[in-house]
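Peer 1: This structure is in structure tokens; I'll ask about it shortly.
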Amino acid sequence: MDHSQPNASAEQPDHKWQGQRRIHLTVATIVTDGDRFLLVEESPFGTQLLNQPAGHVEPGEQIIAAAVRETLEETGYLVQLSHFLGHYHYYPEAIPASYHRFCFIADQFQRIDDAVIDSDIDRPVWLSYPEILARREQLRSQLVLDCIDDYLAGVRHPLSQFDRQR
């Protein structure tokens, strides 16, 4: 094979992936203080929505580190994760995307007074379960409530399953 020639397939548009959904690897964190949950109010589309502290895993980033980072960036709270809650899949019909959310539980948190909150976050809020249900139409996706319901049901998995990340 002549390696001096450019790869012809690299120059052609890759039609193989057209029309297919993009896969997003995301993390979220359940943080509680008594009967209240730490959520964020955000307005990504001009309408205020509620979400757990959550976001995308960056290339090369470990999943656990991403959950801690996203929670700090979106709420100003530094957390210590205690458990893995579960893997959740969201497949919105309106957009060509498939979201895979790895949700974690933090059992310790500390407010960082000089933390800078992401500009796309309106503010962090502490809400009880009934308050969250009263604002159900504002949930970013059904995954928010799915994660809270699993947490309240006592679902817990060890973080050790993520020990082999490199």
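The values are calculated or read from the model by the stated rules, or taken from the named source; none is laboratory data. Quantities reported herein were computed from a predicted structural model and do not represent experimental measurements. Note: ideal-geometry Cβ built from the backbone for every residue, glycine included; neighbour counts use all protein chains shown.
Peer 1: In the stretch 121-166, what residues are over 17 Å from the mean Cα position of the chain (by Cα), modelled with pLDDT of 95 or more, farther than 21 Å from G46 by Cβ and not aliphatic (A, V, I, L, M)? Walk me through how you get there before you give the answer.
Peer 2: Just the residues of the stretch 121-166 that are over 17 Å from the mean Cα position of the chain (by Cα), to begin with: 126-137, 152-158, 160-161, 163-166.
In the following step, the residues that additionally are modelled with pLDDT of 95 or more were identified as 126-137, 152-158.
With the extra rule that they be farther than 21 Å from G46 by Cβ, the set shrinks to 126-134, 152-158.
Of everything in the stretch 121-166, those that are over 17 Å from the mean Cα position of the chain (by Cα), modelled with pLDDT of 95 or more, farther than 21 Å from G46 by Cβ and not aliphatic (A, V, I, L, M) turn out to be W126, S128, Y129, P130, E131, G154, R156, H157, P158.
Peer 1: On to the next question. Return the pairs, sorted by first residue and then second, in which the second residue is among the charged types (D, E, K, R), the first residue lies in the stretch 52-67 and is over 14 Å from S141 (Cβ atoms), the beta carbons are less than 6 Å apart, and the residues are 6+ apart or on different chains.
Peer 2: Close Cβ pairs satisfying both conditions: P53/E70; P53/E74.
Peer 1: Here is a check on your reading of the model: is A106 outside any strand (DSSP E or B), surrounded by 13 or more Cβ atoms within 10 Å (Cβ to Cβ) and touching a Ser or Thr at 6+ places or on another chain (Cβ under 8 Å)? Before the answer, list the steps.
Peer 2: Numbers: outside any strand (DSSP E or B): no; surrounded by 13 or more Cβ atoms within 10 Å (Cβ to Cβ): yes; touching a Ser or Thr at 6+ places or on another chain (Cβ under 8 Å): yes.
No, not satisfied.
Peer 1: When you look at L85, is it over 18 Å from L159 (Cα atoms) and at pLDDT 95 or above, yes or no? Spell out the reasoning first.
Peer 2: Numbers: over 18 Å from L159 (Cα atoms): no; at pLDDT 95 or above: yes.
In short, no.
Peer 1: Is it fair to say L145 is in a strand (DSSP E or B) and of a type in the set (A, V, I, L, M)?
Peer 2: Details: in a strand (DSSP E or B): no; of a type in the set (A, V, I, L, M): yes.
It is false that L145 is in a strand (DSSP E or B) and of a type in the set (A, V, I, L, M).
Peer 1: Against the condition within 24 Å of R22 (Cα to Cα) and buried (at least 18 other Cβ atoms within 10 Å of the Cβ), how does F84 come out, does it pass? Break it down stepwise before answering.
Peer 2: Numbers: within 24 Å of R22 (Cα to Cα): no; buried (at least 18 other Cβ atoms within 10 Å of the Cβ): yes.
No, not satisfied.
Peer 1: Residues in the stretch 111-131: is at least one without any contact (Cβ under 8 Å) to a residue 40 or more places away in the chain, assigned to a strand (DSSP E or B) and either hydrophobic (A, V, I, L, M, F, W, C) or surrounded by fewer than 11 Cβ atoms within 10 Å (Cβ to Cβ) (or both)?
Peer 2: The answer is yes, given that some residue of the stretch 111-131 is without any contact (Cβ under 8 Å) to a residue 40 or more places away in the chain, assigned to a strand (DSSP E or B) and either hydrophobic (A, V, I, L, M, F, W, C) or surrounded by fewer than 11 Cβ atoms within 10 Å (Cβ to Cβ) (or both).
Peer 1: Hey, among the residues in the stretch 133-162 that are under 24 Å from E93 (Cβ atoms) and of a type in the set (V, I, T), which one's surrounded by the fewest Cβ atoms within 10 Å (Cβ to Cβ)?
Peer 2: I148
Peer 1: Determine, yes or no, whether A94 is assigned to a loop (DSSP other than H, G, I, E, B) and surrounded by fewer than 12 Cβ atoms within 10 Å (Cβ to Cβ).
Peer 2: Yes, satisfied.
Peer 1: Go through the stretch 24-69 and tell me which strands (runs of 3 or more DSSP E), entirely inside it, have 3 or more residues that are surrounded by 14 or more Cβ atoms within 10 Å (Cβ to Cβ) and more than 12 Å from the chain's Cα centre (by Cα). Walk me through how you get there before you give the answer.
Peer 2: Values: elements: 36-42, 49-51, 54-56.
Strands (runs of 3 or more DSSP E) meeting the threshold: 36-42.
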